[in-house]
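Coordinate-derived values only; no laboratory data. Keep in mind that this is a model prediction, so the values were computed, not measured. Cβ coordinates were reconstructed from backbone atoms using ideal geometry, including for glycine residues, and neighbour counts include every protein chain displayed.
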Amino acid sequence: MKYKNLIIETNDKICIVKINRPKALNALNVETTVEIYHCFKELENDDNIDVIIITGEGKSFVAGADISYMKNLNAVEAKEFGLSGINAFNAIENSKKIVIAALNGFALGGGCELAMACDIRIASTKAKIGQPEVTLGITPGFGGTQRFPRLVGVAKAKELIYTGKIIDAQEAERIGLVNKVVEPEFLMEEVLGMANKILENAKFAVRYSKEAIDKGLQVDKTTGMYIESSLFGLCFSTYDQKEGMLSFLEKRKATFKSK
Ligand code: HXC
């Protein structure tokens with residue numbers, strides 16, 4: 001499928017999805033949220049891809065939802081727009097692929113919400129991150145009130161959402177919002193390095209780990225443990241579990257089939 005506001009690059013198990021509206025600092029209009037949704041649905045069925053990297057073209061990751069687009073929406077249209085982003089970001093979060101956000105610049109409002117739907121966030125020292133919606137007279141609307149407290153804790157999420165304060169990459173790392181901060185010129189190298197490290201491991205073990213963590217967070221701990229034990233058991237139906245354990249005992253490097 002051809003996308004107007006996304007650039008897609010595929011390279012041996014890794015797909016890079018670049019949000020491409022640099023004149024508006026990659027702000028998300030409904031056309032773009034719908035494209036993100038379709039792109040992730042398409043990638044979900046692509047067996048050649050195991051890791052997806054999301055980044056932004058130019059100096060911004062995503063500077064939020066498109067304020068010019070949102071300005072005159074009525075309540076029903078605004079709700080629909082919010083849902084278009086929620087659906088797109090849920091498609092990312094629920095993807096069986098591992099998704100890494102490469103935060104190359106502004107990740108504000110909907111941009112921060114997009115990053116939080118990913119499994120891992122790596123930021124350049126130039127990244128600026130926050131949920132400034134209250135300064136525009138609105139609440140976060142692409143999942144921020146739900147994902148932010150789950151990621152950094154209720155107290156910090158409330159502080160940053162109520163104040164609309166924008167933080168730098170180092171502060172974001174300190175509060176656990178991003179995994180790592182690197183100099184801008186090393187951002188893609190770092191992210192690709194992490195993607196390749198993940199790809200070295202048994203594919204279904206990684207996938208089931210994601211499923212256990214994400215599904216487990218939606219339910220009580222006892223049910224979460226049940227999900228974990230079921231997925232742990234399922235690993236024993238794979239070639240890679242046999243190969244992984246045999247290679248350890250034979251003191252050699254594993255050659256996983258599902259790579
Ligand atoms: C529409 C945007 C935009 C946005 C930037 N632009 N952010 N357009 N929506 N979110 C446009 C500017 O209007 C400008 O267009 C061009 O991009 C460059 O932006 P500048 O402001 O000139 O750049 P700079 O001085 O570097 O400032 C960068 C910035 C600032 C700090 C990121 O642009 C900014 O504060 N943007 C808004 C950030 C924000 O509030 N995001 C949250 C949105 S609400 P022109 O045509 O003048 O060149 C949200 C809700 C999500 O995300 C949920 C919805 C349901």
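Some observations on this one:
Results for (1) closer than 21 Å to M70 by Cβ; (2) β-branched (V, I, T), shown as yes or no for each residue.
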{"position": "A115", "(1), (2)": "yes, no"}
{"position": "I161", "(1), (2)": "yes, yes"}
{"position": "G176", "(1), (2)": "no, no"}
{"position": "E190", "(1), (2)": "no, no"}
{"position": "A195", "(1), (2)": "no, no"}
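- Any hit, the stretch 10-26, residues being under 16 Å from the mean Cα position of the chain (by Cα) and assigned to a helix (DSSP H, G or I): no
- Residue count for the stretch 35-57, restricted to those that are crowded, with 16+ Cβ neighbours inside 10 Å and not in a strand (DSSP E or B): 7
- Unique residue being hydrophobic (A, V, I, L, M, F, W, C), buried (at least 17 other Cβ atoms within 10 Å of the Cβ) and within 21 Å of K203 (Cβ to Cβ) when the list is V30, V17: V17
- Picking from residues in the stretch 144-157 that are touching a residue at least 12 places away in the same chain (Cβ under 8 Å) and within 13 Å of the ligand (Cβ to nearest atom), the one that is farthest from G105 (Cα to Cα) is T145.
- A single entry from K158, K215 fulfils the requirement of being surrounded by fewer than 18 Cβ atoms within 10 Å (Cβ to Cβ) and farther than 23 Å from D46 by Cα: K158.
- Scanning the stretch 130-143 for residues that are more than 15 Å from A172 (Cα to Cα) and under 19 Å from the mean Cα position of the chain (by Cα), we see that the one that is farthest from the ligand (Cβ to nearest atom) is G143.
- Enumeration of residues in the stretch 236-259 that are in contact with a helix residue (DSSP H, G or I) (Cβ under 9 Å, 6 or more places away or on another chain) and crowded, with 16+ Cβ neighbours inside 10 Å: T238, D240, Q241, G244, A254, F256
- Of all residues in the stretch 158-182, those satisfying the criterion of being touching a Lys or Arg at 6+ places or on another chain (Cβ under 9 Å) and away from the ligand (no atom under 15 Å from the Cβ) are E159, A172, E173, I175, G176, L177, V178, N179, K180.
Rundown of residues vs (1) over 19 Å from N20 (Cβ atoms); (2) in contact with a strand residue (DSSP E or B) (Cβ under 6 Å, 6 or more places away or on another chain), yes/no style:
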| site | (1), (2) |
| --- | --- |
| A91 | no, no |
| N94 | yes, no |
| N104 | no, yes |
| A115 | no, yes |
| S124 | no, no |
| L151 | yes, no |
| A172 | yes, yes |
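- Put simply, of E243, E185, E189, E211 the only residue that is of a type in the set (D, E, K, R), in contact with a Leu (Cβ under 7 Å, 6 or more places away or on another chain) and closer than 29 Å to D12 by Cα is E211.
- Qualifying residue in the stretch 158-169 (condition: among the hydroxyl-bearing types (S, T, Y) and more than 20 Å from the chain's Cα centre (by Cα)): yes
- The set of residues from the stretch 24-53 being away from the ligand (no atom under 16 Å from the Cβ) and among the β-branched types (V, I, T) comprises I49, V51, I52, I53.
- Taken over the stretch 1-14, residues that are closer than 19 Å to K59 by Cβ and either touching a Gly at 6+ places or on another chain (Cβ under 6 Å) or surrounded by 14 or more Cβ atoms within 10 Å (Cβ to Cβ) (or both) amount to 2.
- Those helices (runs of 4 or more DSSP H) of the stretch 58-129 in which at least 3 residues are surrounded by fewer than 24 Cβ atoms within 10 Å (Cβ to Cβ) and more than 7 Å from the ligand (Cβ to nearest atom), considering only elements entirely within it, cover 75-93.
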